[in-house]
Amino acid sequence: MDKNDFILVAESVTKDFMGLRAIDNLDFAVKRSSIHGLIGPNGAGKTTFFNLVTGLLPVTVGKVYFDSEEVTNLKSHVRAGMGMSRTFQEGGPTRTWLNSHR
Ligand SMILES: Nc1ncnc2c1ncn2[C@@H]1O[C@H](COP(=O)(O)OP(=O)(O)OP(=O)(O)O)[C@@H](O)[C@H]1O
Ligand SMILES: [Mg+2]
């Protein structure tokens, strides 16, 4: 696998919360100029994965690459400066895109 073909690569990523292994040796890659969805049952580790990728949580083991650069230990704001951003789930039924972005 050539990392240059991918905008995002997670390599052998594991995340432990104390004794609970939330993510176990995950390999995940997103090709450039493509759109991916991540699905799984409650507690599967989706949110944890996004938190690892964006730097909100530290990985226990493994590496994360964005745009061919290793970002595993970079702060969120540095990753944002490289072009990585995320949004969060809405807080309630009355929130709309418009009033969330005023
Ligand atoms: N900060 C934390 N401390 C301890 N355990 C956690 C923490 N965050 C997540 N977990 C555990 O890690 C596992 C994965 O949780 P996560 O929230 O990533 O799943 P999810 O796929 O996003 O679930 P959902 O579909 O409900 O949003 C669960 O067992 C959860 O209880
Ligand atoms: Mg979640």
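The numbers here are math on the coordinates, done by the rules we state, and not lab data. Keep in mind that this is a model prediction, so the values were computed, not measured. For neighbour counting, all protein chains shown are included, and Cβ atoms are generated from backbone atoms with ideal geometry for every residue, glycine included.
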Once both label points are put 7 Å beyond Cα along the C-beta direction, the V78-A29 separation in nm becomes 2.4 nm
The farthest towards the positive end of the charge dipole of the chain, of the residues A22, G45, Q89, given +1 on Cβ of Lys and Arg and -1 on Cβ of Asp and Glu, is Q89
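As an exercise, take the mean of 1/r over every pair of distinct alpha carbons in the chain, invert it, and state the Kirkwood radius in angstroms. Write down the numbers at each step before the final one.
On the way: mean 1/r = 0.0673 Å⁻¹.
After inverting the mean inverse Cα-Cα distance, the result is 14.9 Å.
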Relative contact order of the chain (C-alpha contacts under 8 Å, at least 6 apart) in percent is 27 percent
